[in-house]
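Questions regarding the structure given below will be posed in turn.
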Amino acid sequence: MTKLIINADDFGLSEAVNYGIISAYKSGVVTSTSAMANMPSLEHAMDLLKENKDLGCGVHMTLSCYKPLLSNSKTIVDDNGYFIRRITNEVIKNMDLDEIYNELCAQIEKVKSKTVITHLDSHHHVHTLENLRPVIEKILKRYNLPIRGGFEYDFNYSKIIPLVDSFYGDNVSEDYFVKKINYLKEYEIADIMCHPAYIDDFLMKTTSYSMARIKEHKILTSKDTKAFIQDNFLLTNYEDL
């Protein structure tokens, strides 16, 4: 039976996001989350995690939202000290890879100091970009953790978990899992990316993908979704691999 990791991204982005993720875990099918170490509500997220110890938690490595943890960043920020919002291979050419490595390691270490890290993934999938390959290889050599797939190049690493990123935007529907069952069953195991949340002012100001998160939360906590997934898949998380 296909194993599904249903991973809620953006843990720590805001308190409303945190509460929505915990709700989708306790009352729904979410089994895993990934924390944004640089966001102002990380501590709130970690406090909630202590009360929900079976929720697996990875690090959502971030280079394109809010500010870096390290104050000496120069090439990875704009004139106001915020991350550059759109990261591409071309943008990375103008960045110092050592600076990126140090920042991402600082994020990993911050989460590691508060909980056991189950895996790595990233905001806007930046870890899958080819020009970041040297950084990701170095990070995986240091931490030896499972990592979400979706790489845009051939990457030889034994702990890559395939990514399913279609539960997003216009594809979010109450019959998503019914429609995708044959596709999902092609995998032995897959990480389904999701973004359940409640809404607060910080979330609305930070991202254009905000109101849709309520719809995701509704679907991921619905009785029909839970019953269908439990009948057809085995829910797991990165920690249980």
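Pairs under 8 Å by beta carbon, first residue more than 20 Å from Arg148 (Cα to Cα) and among the β-branched types (Val, Ile, Thr) in the stretch 171-197, partner open to solvent by 30 Å² or more (accessible area, probe 1.4 Å) and modelled with pLDDT of 95 or more, six or more apart or different chains?
Val172/Ala212; Val172/Lys215; Val178/Phe228; Ile181/Asn232
Can you tell me which residue within the stretch 21-35, out of those that are within 19 Å of Leu235 (Cα to Cα) and open to solvent by less than 10 Å² (accessible area, probe 1.4 Å), is nearest to the chain's Cα centre (by Cα)?
Narrowing the stretch 21-35 to residues within 19 Å of Leu235 (Cα to Cα): 21-34.
Now restrict to residues that are open to solvent by less than 10 Å² (accessible area, probe 1.4 Å): 21, 24, 29-30, 32-34.
Details: Ile21: 12, Ala24: 15, Val29: 16, Val30: 12, Ser32: 9, Thr33: 6, Ser34: 4 Å.
Checked the stretch 21-35; the qualifying residue nearest to the chain's Cα centre (by Cα) is Ser34.
While we're here: Among the residues in the stretch 143-153, are any outside any helix (DSSP H, G or I), small (Gly, Ala, Ser) and touching a strand residue (DSSP E or B) at 6+ places or on another chain (Cβ under 6 Å)?
From the stretch 143-153, those outside any helix (DSSP H, G or I) are 144-153; that's our starting set.
Imposing the further condition that a residue be small (Gly, Ala, Ser) reduces the set to 149-150.
Pick out the ones that are also touching a strand residue (DSSP E or B) at 6+ places or on another chain (Cβ under 6 Å) and you get 149-150.
Looking for residues that are outside any helix (DSSP H, G or I), small (Gly, Ala, Ser) and touching a strand residue (DSSP E or B) at 6+ places or on another chain (Cβ under 6 Å), one finds at least one in the stretch 143-153, hence yes.
May I pose another question? When the stretch 177-192 is examined, which residues are found to be in contact with a helix residue (DSSP H, G or I) (Cβ under 7 Å, 6 or more places away or on another chain) and either open to solvent by 10 Å² or more (accessible area, probe 1.4 Å) or of a type outside the set (Gly, Ala, Ser) (or both)? Walk me through it before giving the result.
First, pick out the residues of the stretch 177-192 that are in contact with a helix residue (DSSP H, G or I) (Cβ under 7 Å, 6 or more places away or on another chain): 177-178, 181, 190.
Matches in the stretch 177-192: Phe177, Val178, Ile181.
Suppose the filter is assigned to a strand (DSSP E or B) and either open to solvent by 40 Å² or more (accessible area, probe 1.4 Å) or of a type in the set (Gly, Ala, Ser) (or both); does Gly81 pass it?
Working: assigned to a strand (DSSP E or B): no; either open to solvent by 40 Å² or more (accessible area, probe 1.4 Å) or of a type in the set (Gly, Ala, Ser) (or both): yes.
The answer is no for Gly81.
Test Lys67 against the criterion of being among the basic types (Lys, Arg), open to solvent by 10 Å² or more (accessible area, probe 1.4 Å) and touching a Gly at 6+ places or on another chain (Cβ under 8 Å), and give yes or no. Outline the logic, then answer.
On the way: among the basic types (Lys, Arg): yes; open to solvent by 10 Å² or more (accessible area, probe 1.4 Å): yes; touching a Gly at 6+ places or on another chain (Cβ under 8 Å): yes.
Considered against the rule, which asks whether it is among the basic types (Lys, Arg), open to solvent by 10 Å² or more (accessible area, probe 1.4 Å) and touching a Gly at 6+ places or on another chain (Cβ under 8 Å), Lys67 comes out as yes.
For the stretch 112-132, does any single residue satisfy the condition of being open to solvent by 20 Å² or more (accessible area, probe 1.4 Å), out of contact with any helix residue (DSSP H, G or I) (no Cβ under 9 Å at 6 or more places or on another chain) and aliphatic (A, V, I, L, M)?
no
Sticking with this structure for a sec: With respect to Lys53, is the statement that it is touching a residue at least 12 places away in the same chain (Cβ under 8 Å), open to solvent by 60 Å² or more (accessible area, probe 1.4 Å) and among the charged types (D, E, K, R) true? Give the derivation first.
On the way: touching a residue at least 12 places away in the same chain (Cβ under 8 Å): no; open to solvent by 60 Å² or more (accessible area, probe 1.4 Å): yes; among the charged types (D, E, K, R): yes.
No, not satisfied.
Right, something else. Residues to consider are Glu90, Glu103; find the one that is surrounded by fewer than 22 Cβ atoms within 10 Å (Cβ to Cβ) and either under 28 Å from Thr31 (Cα atoms) or acidic (Asp, Glu) (or both).
Numbers: Glu103 fails: surrounded by fewer than 22 Cβ atoms within 10 Å (Cβ to Cβ).
It is Glu90.
Can you name the condition, by its number, that Asn38 falls short on among (1) open to solvent by 20 Å² or more (accessible area, probe 1.4 Å); (2) over 23 Å from Val164 (Cβ atoms)?
Only one criterion in (1) open to solvent by 20 Å² or more (accessible area, probe 1.4 Å); (2) over 23 Å from Val164 (Cβ atoms) is unmet by Asn38, namely (1).
Which residues, taken from the stretch 193-212, are in contact with a Cys (Cβ under 9 Å, 6 or more places away or on another chain) and either open to solvent by 40 Å² or more (accessible area, probe 1.4 Å) or outside any loop (DSSP other than H, G, I, E, B) (or both)?
Start the filter on the stretch 193-212 by keeping residues that are in contact with a Cys (Cβ under 9 Å, 6 or more places away or on another chain), which leaves 206-207.
Thr206 - this is the single residue of the stretch 193-212 that is in contact with a Cys (Cβ under 9 Å, 6 or more places away or on another chain) and either open to solvent by 40 Å² or more (accessible area, probe 1.4 Å) or outside any loop (DSSP other than H, G, I, E, B) (or both).
When the residues of the stretch 213-231 are filtered to those that are more than 21 Å from Gly56 (Cβ to Cβ) and in a helix (DSSP H, G or I), which remaining residue is most open to solvent (accessible area, probe 1.4 Å)?
Taking the stretch 213-231 and keeping what is more than 21 Å from Gly56 (Cβ to Cβ), we get 214-215, 218, 222-224, 227-228, 231.
So of that shortlist, the ones also in a helix (DSSP H, G or I) come out as 214-215, 218, 223-224, 227-228, 231.
On the way: Ile214: 77, Lys215: 106, Lys218: 129, Lys223: 174, Asp224: 125, Ala227: 48, Phe228: 50, Asp231: 117 Å².
Among residues in the stretch 213-231 that are more than 21 Å from Gly56 (Cβ to Cβ) and in a helix (DSSP H, G or I), the one most open to solvent (accessible area, probe 1.4 Å) is Lys223.
Filter the stretch 111-139 for residues that are within 22 Å of Asp54 (Cβ to Cβ) and in a loop (DSSP other than H, G, I, E, B) and give the result. I'd like the intermediate steps shown before the answer.
Here is the first cut: in the stretch 111-139, the residues within 22 Å of Asp54 (Cβ to Cβ) are 111-121.
The answer is Ser113, Lys114, Thr115, Val116, Ile117, Thr118, His119.
Could you say which residue among Ile87, Ile108 is touching a residue at least 40 places away in the same chain (Cβ under 8 Å), of a type outside the set (Phe, Trp, Tyr) and not in a helix (DSSP H, G or I)? Give the steps one after another, and end with the answer.
Details: Ile108 fails: not in a helix (DSSP H, G or I).
Criteria check complete, one pass: Ile87.
The values are calculated or read from the model by the stated rules, or taken from the named source; none is laboratory data. If you're wondering where the values come from, they're calculated on a predicted model, not measured in any experiment. For neighbour counting, all protein chains shown are included, and Cβ atoms are generated from backbone atoms with ideal geometry for every residue, glycine included. What goes into the accessible areas is simple: the full protein's heavy atoms, side chains included, and nothing from ligands, DNA or RNA. Shrake-Rupley method; radii C 1.70, N 1.55, O 1.52, S 1.80 Å.
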